[in-house]
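The values are calculated or read from the model by the stated rules, or taken from the named source; none is laboratory data. In this text, all values refer to a predicted model and were calculated from it rather than measured experimentally. FYI the Cβ positions are ideal-geometry reconstructions off the backbone, even for glycines, and counts take in every protein chain you see.
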Amino acid sequence: AYITHWGLPGEIKAKVGRMRPKVGKASAIHRDQLETVDEPLVVQKYLGNEGLFRTGIELSGFLPSPWSAVTHELTAGVMEGGIGEGGTLFGSNRRYPSLYAHLKNFWDMSDTTNAELGATYLVGSKDADRRFEVNALGVDATLVHHVTPTNKFKWQNELYLQDRDESITEEGIAYAENPWGFYSLVDYRLTPRWGIGGRFDYVELVDVDPLRRDRHSDTAFGGYLTFYQSEFARWRMQYRHTELAQGSNENAVFLQGTVAIGVHKHQLQ
């Protein structure tokens, strides 16, 4: 749980507590708000199986813009050290805080089309040696087009690039590794009740010895079908094929039912 305060100077909003930091797109929202059953692989492998969920302080505010159709929102925060379960971006020690910032740029291209472009920066520590910092840069881009009042097309992309000091020679020189990953998702609302979509994933692993890899990365692709029973109930079936860096392949079918009970905040909040 967290506390939100809107009364700071400059119309700055503050959040304090345990929350989802504003990092990228997929990690910043709860799983029931995703278009897919699971988080993208790059989010799972770097930030955690369910994305980032940490205790911290976050400040956000809108930047001045000369264009009425464009808004710029800047968010910055400090969160406890460590990373989400299964994530490999930072170490697991909570004593060394991590910092992050996110810039969101949103504009209405027309009455039926809008676009969003964002940039994220994270810096944190590894457990082994605090002298080595882990830096990550994220970029996200989303395009939404309302074909008709009941048909909507969405194209969402997100990429993360790391700069890691992983090893030291006898001369004391540190060599950086730069694993990266991304996903690209397409979602189409056929009718008010039915939607289809697909996602492609690519992620280079941090915690697998390069000598033990048969492939350079984990790669996955799949599709899904969604039935929106009502505003409060949704059912989804998804297929995913994954080619693992260790050489094996996985095929998975997911069935998901989501029922909302009680008061929920508006999507724009």
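Of the conditions (1) in contact (Cβ under 8 Å) with a residue 12 or more places away in the chain; (2) closer than 20 Å to residue 45 by Cα, residue 237 clears all except one; give me its number.
That leaves (2) as the condition not met.
Quick one: in the stretch 16-48, which of the residues that are β-branched (Val, Ile, Thr) and in a loop (DSSP other than H, G, I, E, B) is modelled with the lowest pLDDT?
Of all residues in the stretch 16-48, those β-branched (Val, Ile, Thr) come to 16, 23, 29, 36-37, 42-43.
Filter once more, so that each one left must be in a loop (DSSP other than H, G, I, E, B): 23, 29, 36-37.
On the way: 23: 94, 29: 91, 36: 96, 37: 96.
Looking at the filtered set, the residue picked out is 29.
If I filter the stretch 187-204 down to residues being over 17 Å from residue 218 (Cα atoms) and β-branched (Val, Ile, Thr), which single residue comes out as farthest from the chain's Cα centre (by Cα)?
Among residues in the stretch 187-204 that are over 17 Å from residue 218 (Cα atoms) and β-branched (Val, Ile, Thr), the one farthest from the chain's Cα centre (by Cα) is 191.
How many residues are over 18 Å from residue 82 (Cβ atoms), charged (D, E, K, R) and without any contact (Cβ under 8 Å) to a residue 40 or more places away in the chain if we restrict to the stretch 18-40?
Residues in the stretch 18-40 being over 18 Å from residue 82 (Cβ atoms), charged (D, E, K, R) and without any contact (Cβ under 8 Å) to a residue 40 or more places away in the chain: 1 in total.
In the stretch 10-58, which residues are of a type in the set (Lys, Arg), farther than 19 Å from residue 159 by Cα and surrounded by 22 or more Cβ atoms within 10 Å (Cβ to Cβ)?
Matches in the stretch 10-58: 54 only.
Residues that are surrounded by 15 or more Cβ atoms within 10 Å (Cβ to Cβ) and on the phi > 0 side of the Ramachandran plot: does the stretch 64-80 have at least one?
no
Let me spell it out: the conditions are (1) loosely packed, with under 14 Cβ neighbours inside 10 Å; (2) in a loop (DSSP other than H, G, I, E, B); (3) not β-branched (Val, Ile, Thr), and residue 7 meets all of them except one. Which number is the exception?
Against the list (1) loosely packed, with under 14 Cβ neighbours inside 10 Å; (2) in a loop (DSSP other than H, G, I, E, B); (3) not β-branched (Val, Ile, Thr), residue 7 comes up short only on (2).
Looking at this structure, is residue 225 within 24 Å of residue 27 (Cα to Cα), aliphatic (A, V, I, L, M) and surrounded by 19 or more Cβ atoms within 10 Å (Cβ to Cβ)?
On the way: within 24 Å of residue 27 (Cα to Cα): yes; aliphatic (A, V, I, L, M): yes; surrounded by 19 or more Cβ atoms within 10 Å (Cβ to Cβ): no.
Here the answer is no, as residue 225 does not meet what is asked.
Which residues, counting only those in the stretch 107-121, are surrounded by 15 or more Cβ atoms within 10 Å (Cβ to Cβ) and at pLDDT below 95?
Across the stretch 107-121, the qualifying residue is only 107.
Does residue 72 satisfy the criteria of being more than 27 Å from residue 125 (Cβ to Cβ) and out of contact with any Pro (no Cβ under 9 Å at 6 or more places or on another chain)?
Considered against the rule, which asks whether it is more than 27 Å from residue 125 (Cβ to Cβ) and out of contact with any Pro (no Cβ under 9 Å at 6 or more places or on another chain), residue 72 comes out as no.
When only residues in the stretch 214-251 that are of a type in the set (A, V, I, L, M, F, W, C) and in a loop (DSSP other than H, G, I, E, B) count, which is farthest from residue 198 (Cα to Cα)?
Just the residues of the stretch 214-251 that are of a type in the set (A, V, I, L, M, F, W, C), to begin with: 220-221, 225, 227, 232-233, 235, 237, 244-245.
Those left that are additionally in a loop (DSSP other than H, G, I, E, B): 232, 244-245.
Details: 232: 23, 244: 19, 245: 22 Å.
Across the stretch 214-251, the extreme among qualifying residues is 232.
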